[in-house]
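The values are calculated or read from the model by the stated rules, or taken from the named source; none is laboratory data. Source: prediction; values computed, not measured. Neighbour counts are summed over all protein chains in view; Cβ atoms, including those assigned to glycine, are modelled from backbone coordinates with ideal geometry. Please note that ligands, DNA and RNA were not included when accessible areas were found on the heavy atoms of the full protein model with its side chains. Shrake-Rupley method; radii C 1.70, N 1.55, O 1.52, S 1.80 Å.
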Amino acid sequence: STSTNTSTGNTIQSFTDNGNNTIKDNNTGLTWMKCTMSNVSGVPRSGSDCLGGTAGQYQYCSTNTNDCNGGTSAQLLQSPFLNGQTSSLWNACNDANSIPSGGFAGRTNWRVPTRDELVSIVDYDRIGGPIINITFFPNTFSSGYWTSSSVSTGATNAWYLRFGDGEVDTKSKSVGTINAYVRCVSR
């Protein structure tokens, strides 16, 4: 396993490569998928450079309602959903709990990260995108990655992060509005 410490503003990041396509954040205790999720639900891109497979972009909700979030702004993206709603975003990480058998990297608690969790791996000292430690998270896209966090002022929007500049912004969860990337996390 490889470990490094890098300073990012007021925070010193510390990551360990677990050697199984996962990265441990030594500060938070979270385990991240090294690669962005592919277009096959539950399966991240592969290879030491994370270029295997095609990157996937996922919809937050399957219809133009907020029922994929339980219909309330207070909840994180979680199942069961209301009114037959589905979420390809939720499925992308949840499927990793059973693909392959025993879960990706032997873990069965993969999920979409919260806003604060995803922000914790941003390297704001890095010049130019993507602003993330590319040794540990190679070929991360500079565009948007979803979080599981709803905007507290309205359940129809969710937070996402652009690794190109580290900006955290909101987008509508409605189908057809935006598809974004996802990097799954486990505790």
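Overview of values
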{"item": "Residue in the range 93-114 that is most open to solvent (accessible area, probe 1.4 Å), counting only those that are polar (S, T, N, Q) and free of Cβ contacts under 8 Å to residues at least 12 places away in the same chain", "result": "101"}
{"item": "Subset of the range 1-47 [at pLDDT 95 or above, polar (S, T, N, Q) and over 16 Å from residue 96 (Cβ atoms)]", "result": "14, 16, 26, 27, 28"}
{"item": "Selection within the range 131-174 - part of a loop (DSSP other than H, G, I, E, B), open to solvent by 50 Å² or more (accessible area, probe 1.4 Å) and of a type in the set (A, V, I, L, M, F, W, C)", "result": "134, 141"}
{"item": "Residue pairs meeting the criteria (Cβ under 6 Å; at least 6 apart or on separate chains; first over 19 Å from residue 184 (Cα atoms), in the range 78-92; second hydrophobic (A, V, I, L, M, F, W, C))", "result": "81/68; 85/68"}
{"item": "Unmet requirement for residue 117, which otherwise passes all of (1) within 19 Å of residue 22 (Cβ to Cβ); (2) in a loop (DSSP other than H, G, I, E, B); (3) touching a residue at least 24 places away in the same chain (Cβ under 8 Å)", "result": "(2)"}
